[in-house]
1. Need pairs with beta-carbon distance below 6 Å; first residue at negative phi and hydroxyl-bearing (S, T, Y) and within the stretch 199-215, second in a helix (DSSP H, G or I) and modelled with pLDDT of 90 or more; sequence gap 6+ or separate chains.
2. Is it the case that some residue within the stretch 275-288 is free of Cβ contacts under 8 Å to residues at least 12 places away in the same chain and either more than 18 Å from the chain's Cα centre (by Cα) or not in a strand (DSSP E or B) (or both)?
3. Here's a check for you: in the stretch 198-224, which residue that is buried (at least 20 other Cβ atoms within 10 Å of the Cβ) and among the aliphatic types (A, V, I, L, M) is farthest from A131 (Cα to Cα)?
4. Scanning for something touching a His at 6+ places or on another chain (Cβ under 6 Å) and not assigned by TED's automatic domain parsing to the domain that holds V261, does the stretch 148-165 turn up at least one residue?
5. Scan the stretch 219-244 for residues that are assigned to a helix (DSSP H, G or I), under 15 Å from the mean Cα position of the chain (by Cα) and not hydrophobic (A, V, I, L, M, F, W, C) and report the count.
6. Evaluate the following for A131: is it out of contact with any Phe, Trp or Tyr (no Cβ under 7 Å at 6 or more places or on another chain), within 23 Å of V92 (Cβ to Cβ), small (G, A, S) and at pLDDT 95 or above?
7. Which ranges mark the helices (runs of 4 or more DSSP H) fully within the stretch 27-118 that have 2 or more residues being more than 29 Å from F223 (Cβ to Cβ) and not hydrophobic (A, V, I, L, M, F, W, C)?
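The values are calculated or read from the model by the stated rules, or taken from the named source; none is laboratory data. Since this is a predicted model, take the numbers as computed values, not measurements. FYI the Cβ positions are ideal-geometry reconstructions off the backbone, even for glycines, and counts take in every protein chain you see.
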Amino acid sequence: MLSKNYMNEEPLAARRALEALRSGVPNSESVLALGTTQTQIVERFNSLLATALDRNRSHAPGGMLIGGGFGSGKSHVLEYLAQLARSENFVVSKVVISKETPLHNPSTVFRAAIADAKVPGRPGSAIDEIATALDFNSESYAEFYRWLHTGGGSLDHRLGASLRLFEYYSGDEEFTDKVTQFWSGEPFPIPEMRKRLQEAGWLEDYTLKATKELELSRDRFVFVSRLIRAAGYSGWVVLLDEVELIGRYSLLQRAKSYAEVKRWMDGSSVDPAAPLVCVLTTVDDFEGEVLFGKGDYNKLPEKLLAKERVEYTRLADEARLGMNILANDQVPLLTPDNTELDVTYEAIRRIHAEAFDWSPPEVTGLERLPSNRMRQYVRAWINEWDLIRLDPQYSPDTTVMTIEIDYGEDRDVAGPTDSDVSSS
């Protein structure tokens, strides 16, 4: 499905779209200009959104895994899905897996997701916009409050206590700000929370104790998704890009990351009804290069089981399930056919014309081969138009160079070495 003609847009918007296409980092303008023809992915995503919207369901929406080669358009599709989700009133976060945001650390992933969250139609901080939108007299808030203090009892009690205190002290801006920061991943001293509960006469209603940050972060994902719905929005969509970075972690970190893939794809076990949807992307050759190329599929569980500890036995099982998902459950990006290439070519030609107020001539670009990626075609067309605009007599000729992706362990990416499981 391709969107509206961009000829009616302002030149500045056209230039922003062009620069995004040139760099391979899609923005709203470029995605609006090109849309997407990946109908299988869009249909699957719409099904996940529909499940999240169903308040009577008993199972989690879970997630989907998109696979494609470097430059095949995964980031473009993610931006398209983000726009689609926001049009359905979902809050959307995009997290790029990196050294600073490793998949095996739910705490850093949560903080990154909150920091990037975009609330439909609201430009400010997501958690502040969500908190401001809470109506303590609404049915959606009452439903959330009842669930949190009954069915949500397995969540960290500090979350339920913080919501109750947020309402009770709603006129105390300094305190409510501290609460919203706690919802965003910041610490909240238990003694202070106990003091506030005692002042309100609710201390006996909650068991407050320190828990592992990993467990609290997973509870926060559930809590915030429910909070978002209580504020009048549909739910929370989290987009996790470049999951293939798993391949550069240490062995134990890869195991934990595979377990996180399983968790995201299955949905929350703490609250299957949470309105939380996830989309992950990875390269399509991850199975051959990492799961079997590095021997993870067989060696990794063996090394964990050899420790003869309950937590490693459980991790081995979860990691294997995560690896099975990466190997078998990818929804592949379809290779562009001639029709899609023709339509995309004309769309980018119109953007270039609007951006620089000229009439771009026909250009050859790349030979159309199954091995070429969409990004390569796009870069070739834009570069050739750029050159001809500067020198109308120039005849550009574009060649392609393949850059291999390195899946070797990288200590700079992995961080501190795991001491209890050998990486060898």
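1. Y206/H157; Y206/A161; T207/H157
2. If we filter the stretch 275-288 for residues that are free of Cβ contacts under 8 Å to residues at least 12 places away in the same chain, which is where we start, we get 288.
In the following step, the residues that additionally are either more than 18 Å from the chain's Cα centre (by Cα) or not in a strand (DSSP E or B) (or both) were identified as 288.
Looking through the stretch 275-288, at least one residue is free of Cβ contacts under 8 Å to residues at least 12 places away in the same chain and either more than 18 Å from the chain's Cα centre (by Cα) or not in a strand (DSSP E or B) (or both).
3. L216
4. Residues of the stretch 148-165 that are touching a His at 6+ places or on another chain (Cβ under 6 Å), as a first pass: 160.
Next cut, not assigned by TED's automatic domain parsing to the domain that holds V261 only: 160.
Yes, the stretch 148-165 contains at least one residue that is touching a His at 6+ places or on another chain (Cβ under 6 Å) and not assigned by TED's automatic domain parsing to the domain that holds V261.
5. Within the stretch 219-244, residues that are assigned to a helix (DSSP H, G or I), under 15 Å from the mean Cα position of the chain (by Cα) and not hydrophobic (A, V, I, L, M, F, W, C) number 2.
6. Values: out of contact with any Phe, Trp or Tyr (no Cβ under 7 Å at 6 or more places or on another chain): yes; within 23 Å of V92 (Cβ to Cβ): yes; small (G, A, S): yes; at pLDDT 95 or above: yes.
Considered against the rule, which asks whether it is out of contact with any Phe, Trp or Tyr (no Cβ under 7 Å at 6 or more places or on another chain), within 23 Å of V92 (Cβ to Cβ), small (G, A, S) and at pLDDT 95 or above, A131 comes out as yes.
7. Details: elements: 28-34, 39-53, 74-87, 106-116.
Because the criterion is at least 2 residues that are more than 29 Å from F223 (Cβ to Cβ) and not hydrophobic (A, V, I, L, M, F, W, C), the helices (runs of 4 or more DSSP H) in the stretch 27-118 that meet it are 28-34, 39-53, 74-87.
A quick yes/no check of all residues on (1) touching a Cys at 6+ places or on another chain (Cβ under 7 Å); (2) surrounded by 21 or more Cβ atoms within 10 Å (Cβ to Cβ); (3) without any contact (Cβ under 8 Å) to a residue 40 or more places away in the chain; (4) of a type outside the set (F, W, Y):
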| residue | (1), (2), (3), (4) |
| --- | --- |
| A82 | no, yes, no, yes |
| A85 | no, yes, no, yes |
| L103 | no, yes, no, yes |
| S107 | no, no, no, yes |
| A112 | no, yes, yes, yes |
| D116 | no, no, yes, yes |
